[in-house]
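The structure appears below as structure tokens.
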Amino acid sequence: MAAIKASDLVFLDETGFNRAMVESYARSLKGHRAYGEKPAKGKNISLIGAMTLVAGFTAGLSFEGGTNGD
């Protein structure tokens, strides 16, 4: 690792979420009820990003579904 320059490193990260993941509670003004709807079924979204020490965030990709080894 000592032979690799830090400026040549690229870091990748993956995360995911479901669009139906919403809060069960809400806030409103005192004396008023908070209204809202919760989606019945949401889609899974995956996010993948690349970052370098020199340029910062360089690339991002989002798509429906999960990631796997293929």
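Rule-based calculations on the coordinates, nothing more; no lab input. All values derive from a computational prediction rather than experimental measurement. Note: ideal-geometry Cβ built from the backbone for every residue, glycine included; neighbour counts use all protein chains shown.
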Problem set entry | Output for the stretch 20-33, where each listed residue is within 27 Å of the chain's Cα centre (by Cα) and over 26 Å from GLY65 (Cα atoms) | TYR25, ALA26, ARG27
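Identify all residues within the stretch 7-25 that are under 17 Å from GLY36 (Cβ atoms), out of contact with any Pro (no Cβ under 8 Å at 6 or more places or on another chain) and not small (Gly, Ala, Ser); write none if there are none.
Keep residues of the stretch 7-25 that are under 17 Å from GLY36 (Cβ atoms), which gives 19-25.
Filter again for out of contact with any Pro (no Cβ under 8 Å at 6 or more places or on another chain), leaving 21, 23-25.
If the condition is that a residue be under 17 Å from GLY36 (Cβ atoms), out of contact with any Pro (no Cβ under 8 Å at 6 or more places or on another chain) and not small (Gly, Ala, Ser), then MET21, GLU23, TYR25 are the ones that fit.
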